[in-house]
1. Considering every residue within region 154-164, establish whether at least one is within 10 Å of the chain's Cα centre (by Cα), buried (at least 17 other Cβ atoms within 10 Å of the Cβ) and within 23 Å of Ile9 (Cα to Cα).
2. Based on this model, can you work out whether Ser214 counts as surrounded by 19 or more Cβ atoms within 10 Å (Cβ to Cβ), in a loop (DSSP other than H, G, I, E, B) and hydroxyl-bearing (Ser, Thr, Tyr)?
3. Among the residues of region 137-148, which ones are surrounded by fewer than 24 Cβ atoms within 10 Å (Cβ to Cβ), within 13 Å of Gly210 (Cβ to Cβ) and touching a helix residue (DSSP H, G or I) at 6+ places or on another chain (Cβ under 6 Å)?
4. With respect to Ser126, determine if the residue is among the small types (Gly, Ala, Ser) and without any contact (Cβ under 8 Å) to a residue 40 or more places away in the chain.
5. Using the structure shown, decide if Glu91 is under 20 Å from Ile244 (Cβ atoms), surrounded by fewer than 17 Cβ atoms within 10 Å (Cβ to Cβ) and free of Cβ contacts under 8 Å to residues at least 12 places away in the same chain.
6. Kindly evaluate Thr124 against the criterion of being at pLDDT 90 or above, surrounded by 17 or more Cβ atoms within 10 Å (Cβ to Cβ) and of a type in the set (Ser, Thr, Tyr).
7. Cβ-Cβ below 6 Å, separation at least six or inter-chain, first residue in region 221-234 and under 11 Å from Leu207 (Cβ atoms), second polar (S, T, N, Q) and part of a helix (DSSP H, G or I): which pairs?
8. Can you confirm whether region 147-163 contains a residue that is free of Cβ contacts under 8 Å to residues at least 12 places away in the same chain and within 30 Å of Tyr90 (Cα to Cα)?
Amino acid sequence: MNGQAIKAIYLFEMARMRRTLLQSVVSPVISTSLYFIVFGAAIGQRIQEIDGVPYGAFITPGLIMLTLLTQCVNNGAFGIYFPKFTGTIYELLSAPVSMAEVLIGYVGAAATKGMIIGVIILATASLFVDIRIAHPVMMVVFFALTAITFSLLGFVIGIWAKDFEQLNLIPMLVVPPLVFLGGSFYSIKMLPPFWQAISHANPVLYLISGFRWSFFEVAEVDPMISVAIILGFLAALSGLVTWIFRTGYRLRE
């Protein structure tokens, strides 16, 4: 394993975050504050508590997941797509660097950036509501697994995309609706039975449910099922990336 190559790719990607602090850090903080003002103040006046948790605190894990998923997918996709767009991907492919090292460098940087923003969102949320974490170890497990998995998804999207329209298709049109419909701002127990069944087909529900359980011990589904779902998704994406590297799909074109 070429640690120097991984470090070079990782630091190069992390440097991009420092150059775009306004977009990477300030924008998510402002967005989170607006969510708390709109949902916490307006809706919170009508919904005081959900499962014994104050509404403002209840939506905090969902807000963190919304930001984490969006940031990880975007960073993972853009990180590998931009070298394709500029043509520098061929320098990377011809260098004495294995595809595993490329993957670790890009996905590691995307996951790190997503987790940094997630921690900032958690700190911002604590200014508005009282946050308690019942299971900090499991919180970190869900946090890290989600960041790695969706950074890997972004990496796959970046390889698949042929232009900027395709690059933004899934992060803009697929991920946010899944998060919003995954119980970010409500409990699915509040839905009619038919829509509860539909919601259980949404994989993001399990991520948000497990993450919320680590805070308040309140969950829509068993936390171990949530862990199994995200591990299964991670395994499926790893298999897909292995196939991409083996065949050179859209890397050598």
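1. Here is the first cut: in region 154-164, the residues within 10 Å of the chain's Cα centre (by Cα) are 154.
Those still in the list that are buried (at least 17 other Cβ atoms within 10 Å of the Cβ) too: 154.
Adding the requirement that they be within 23 Å of Ile9 (Cα to Cα) leaves 154.
Checked region 154-164: at least one residue is within 10 Å of the chain's Cα centre (by Cα), buried (at least 17 other Cβ atoms within 10 Å of the Cβ) and within 23 Å of Ile9 (Cα to Cα).
2. Numbers: surrounded by 19 or more Cβ atoms within 10 Å (Cβ to Cβ): yes; in a loop (DSSP other than H, G, I, E, B): no; hydroxyl-bearing (Ser, Thr, Tyr): yes.
No.
3. Of everything in region 137-148, those that are surrounded by fewer than 24 Cβ atoms within 10 Å (Cβ to Cβ), within 13 Å of Gly210 (Cβ to Cβ) and touching a helix residue (DSSP H, G or I) at 6+ places or on another chain (Cβ under 6 Å) turn out to be Met138, Met139, Leu145.
4. On the way: among the small types (Gly, Ala, Ser): yes; without any contact (Cβ under 8 Å) to a residue 40 or more places away in the chain: yes.
When the stated conditions are applied, Ser126 passes them.
5. On the way: under 20 Å from Ile244 (Cβ atoms): yes; surrounded by fewer than 17 Cβ atoms within 10 Å (Cβ to Cβ): yes; free of Cβ contacts under 8 Å to residues at least 12 places away in the same chain: yes.
So Glu91 fits the description; yes.
6. Values: at pLDDT 90 or above: no; surrounded by 17 or more Cβ atoms within 10 Å (Cβ to Cβ): yes; of a type in the set (Ser, Thr, Tyr): yes.
Judged against the criteria, Thr124 is not a match.
7. Close Cβ pairs (under 6 Å, with a partner that is polar (S, T, N, Q) and part of a helix (DSSP H, G or I)) amount to Val221/Ser209; Ser226/Ser209; Ile230/Thr149; Phe233/Thr149.
8. Initial filter on region 147-163 (free of Cβ contacts under 8 Å to residues at least 12 places away in the same chain): 163.
From the residues that got through so far, the ones that are within 30 Å of Tyr90 (Cα to Cα) too are 163.
Scanning region 147-163 turns up at least one residue that is free of Cβ contacts under 8 Å to residues at least 12 places away in the same chain and within 30 Å of Tyr90 (Cα to Cα).
The values are calculated or read from the model by the stated rules, or taken from the named source; none is laboratory data. Keep in mind that what you see is a predicted model, and the values were worked out from it rather than measured. So basically every Cβ, Gly included, is an ideal-geometry build from the backbone, and we count neighbours across all protein chains shown.
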